[in-house]
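Read through the structure below, which is laid out as structure tokens, and then see the notes.
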Amino acid sequence: VERSAEAFQKVKDAHDVLSDPQKRAVYDAKGDRGLKKIEEVLQTKEYDVVKPQPKVVVCSATLADIACGGAAALKFRRRVGCACCGGTGARLDRAEPCLACDGSGVLVMPTDGFRLERLPCGACDGCGVRAPECRECCGAGFRVEAGSCSIEIPKGAEDGARITVEDEGDIGVCGTRGDLVAIIRVEDDDQFYRRGADLILKTPLKVSLRDALGGTVDVAAPTLDASVRIRTSPGTVVAPGRFYASEGLGLPAHEGYLRGRLVVSFDVEFPARLSEAQAVSVAKALDGDPGAATDG
């Protein structure tokens, strides 16, 4: 019975070879060894069932976007594994033993002296077979398609923050989807510097010397979405170039309910000159020497 089964299997295998022009050509060229090599490659071919690596894209955001948070639309290009060739880029059903290495995958090359060294075959990359490229993907193993999705930018997000969107990245051969990772890049602002949750106004606010000395500063200062009044209390002297902070007027703290500060500086406008009477009055107000104020 066993002999009959073996004989039947041989007849069946011979029929399969003779009825398949591709297998017959391989058999005529390399015999049973060539057929076994092709079958090994086809059986050990691993399809991409593993989740693809995350695809990383950059999402630009303004300070206003960071202050308000909300949705941002992304457009990108992603890879889709070729199901026709299993992502190999080759038609393995038409593979043939490599002629350069006689299907072994290695070449024996002489080195210095009488020593021989076994090297991977460069013609077949060491696999022992060669196959024409896949027509569907032109040998790349994948195709590229346009992708789009929406992400939520959290309020107060830092530059370089990463937002992961599941299953929106590259697509594997078997349909497994990778994740999309969006990196937030905060654009430079024309009016403000950012330090954490604090906003620093780039241009100093102009105030008169009288208001600076008398504590009566009342000027408008811009914010990201409106303007506010910056006021000083009587007796507060505003020094030129010094920074002053107003609490709660900056950016939202990341993952918190508090806001940072609005930091401003003042450009005190000094008069070109003072009359003698004005100089005396200033000197008296500052408890100085009236005579010294008018010298020179």
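The values are calculated or read from the model by the stated rules, or taken from the named source; none is laboratory data. Everything numeric in this text was worked out from a predicted model, so none of it was measured. Please note: Cβ atoms are built from the backbone with ideal geometry, for glycine as well, and neighbour counts cover all protein chains shown. We work out accessible area using only protein heavy atoms, side chains counted, and drop any ligands, DNA or RNA first. Shrake-Rupley method; radii C 1.70, N 1.55, O 1.52, S 1.80 Å.
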Where in the range 164-228 are the strands (runs of 3 or more DSSP E), entirely inside, with at least 1 residues that are closer than 25 Å to S60 by Cβ?
180-186, 192-195, 198-201, 218-222
All but one of (1) over 30 Å from D167 (Cα atoms); (2) at pLDDT 80 or above; (3) surrounded by 17 or more Cβ atoms within 10 Å (Cβ to Cβ) hold for C134; state the number of the condition that does not hold.
(1)
Quick check, is R194 surrounded by 15 or more Cβ atoms within 10 Å (Cβ to Cβ), in contact with a helix residue (DSSP H, G or I) (Cβ under 9 Å, 6 or more places away or on another chain) and of a type in the set (K, R)?
yes
Can you name every residue in the range 124-137 that is in contact (Cβ under 8 Å) with a residue 60 or more places away in the chain and part of a strand (DSSP E or B)?
V129
The range 214-226, subset small (G, A, S) and modelled with pLDDT under 90, residue nearest to L199 (Cα to Cα)
A226
Would you mention how many residues in the range 76-123 are open to solvent by 30 Å² or more (accessible area, probe 1.4 Å) and either part of a strand (DSSP E or B) or within 17 Å of C137 (Cβ to Cβ) (or both)?
20
Looking only at the range 197-235, which residues are surrounded by fewer than 17 Cβ atoms within 10 Å (Cβ to Cβ), small (G, A, S), over 22 Å from F270 (Cα atoms) and touching a strand residue (DSSP E or B) at 6+ places or on another chain (Cβ under 6 Å)?
S227
